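Reading through the structure tokens given below for one structure.
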């Protein structure tokens with residue numbers, strides 16, 4: 001759902017190839033998004049004003065505020081001159097739990113841990129992804145990453161937003177969510193999957209960003225067994241993926257990628273390098 005324009009046109013003086021000219025460019029919108037529960041603000045994030053119901057639901061899941069969609073009694077989008085409020089009301093037990101842990105965090109784009117009050121919360125033990133014993137052909141994962149770019153409609157206009165998508169060999173790619181913040185894009189994807197009611201245990205999350213620890217933690221909360229990313233992972237992301245039972249595939253380029261953890265889910269050719277150490 002759109003609550004405002006996701007991009008606008010801006011004029012620029014372009015200097016390229018030694019030449020100066022006046023032109024214009026489509027620029028991604030960024031706005032303050034307040035996530036509130038039962039009347040109190042929990043987080044304020046900067047993000048793209050689209051798919052905000054998915055964002056609210058997905059954030060609630062990946063931050064362990066809820067486990068199921070029906071634990072959110074209602075969700076409303078309230079625009080104002082300062083930004084947009086994603087107003088959520090939780091059911092009984094969840095409302096009580098939220099009241100006990102209530103805190104306010106404020107984070108700019110690209111900072112998924114801003115405002116966390118303890119190191120234990122930042123380095124929380126990830127959910128263990130069990131799921132079924134899925135395994136994917138190496139080329140299929142690469143083909144999925146190649147197919148993602150044409151589906152990034154906002155990025156086609158602006159070249160400045162991240163995408164997170166779900167892929168399975170049964171259904172292909174879908175849904176796809178975009179945002180100026182990579183964490184936001186993944187939260188929106190989590191919400192879309194939860195709203196749809198589709199299982200996440202038989203597919204992979206595709207990311208156009210680097211893989212940091214919080215991205216792995218969010219994927220673990222979603223129950224996704226495989227994460228594939230364009231950029232490299234951090235060392236802590238690799239360690240967390242090992243603990244969570246997630247197969248982490250990264251540095252995905254046209255010619256291939258690296259499998260950093262739990263390689264049993266990626267069916268590599270027989271001549272692949274030894275798998276010791278994962």
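Each reported figure results from applying straightforward, stated rules to the coordinates on display, with no laboratory input. What you see is a predicted model; the values in this text were computed from it and never measured. Every residue, glycine among them, receives a Cβ derived from its backbone with ideal geometry; neighbour counts consider all protein chains shown.
Can you find even one residue in the range 7-21 that is in contact (Cβ under 8 Å) with a residue 12 or more places away in the chain and more than 18 Å from residue 160 (Cβ to Cβ)?
First, the residues of the range 7-21 that are in contact (Cβ under 8 Å) with a residue 12 or more places away in the chain: 7-12.
Now narrow it down to the ones that are more than 18 Å from residue 160 (Cβ to Cβ): none.
Checked against the condition, which is being in contact (Cβ under 8 Å) with a residue 12 or more places away in the chain and more than 18 Å from residue 160 (Cβ to Cβ), the range 7-21 yields no hits at all.
In the range 177-199, how many are surrounded by fewer than 21 Cβ atoms within 10 Å (Cβ to Cβ) and either within 20 Å of residue 244 (Cα to Cα) or within 10 Å of the chain's Cα centre (by Cα) (or both)?
Taking the range 177-199 as the starting set, the residues that turn out to be surrounded by fewer than 21 Cβ atoms within 10 Å (Cβ to Cβ) are 195-199.
If we keep only those that are either within 20 Å of residue 244 (Cα to Cα) or within 10 Å of the chain's Cα centre (by Cα) (or both) too, we end up with 199.
Residues flagged as surrounded by fewer than 21 Cβ atoms within 10 Å (Cβ to Cβ) and either within 20 Å of residue 244 (Cα to Cα) or within 10 Å of the chain's Cα centre (by Cα) (or both) within the range 177-199 amount to 1.
Any chance you could count how many residues in the range 216-261 are closer than 19 Å to residue 145 by Cα, out of contact with any helix residue (DSSP H, G or I) (no Cβ under 6 Å at 6 or more places or on another chain) and in a helix (DSSP H, G or I)?
Qualifying residue count for the region: 1.
Can you tell me which residue is surrounded by the fewest Cβ atoms within 10 Å (Cβ to Cβ) among those in the range 244-257 that are under 13 Å from residue 231 (Cα atoms) and in contact (Cβ under 8 Å) with a residue 24 or more places away in the chain? So that I can check it myself, show each step before the final result.
First, pick out the residues of the range 244-257 that are under 13 Å from residue 231 (Cα atoms): 248-254, 256-257.
Filter again for in contact (Cβ under 8 Å) with a residue 24 or more places away in the chain, leaving 248-250, 252, 254, 256-257.
Details: 248: 26, 249: 31, 250: 23, 252: 22, 254: 7, 256: 14, 257: 18.
My answer is 254.
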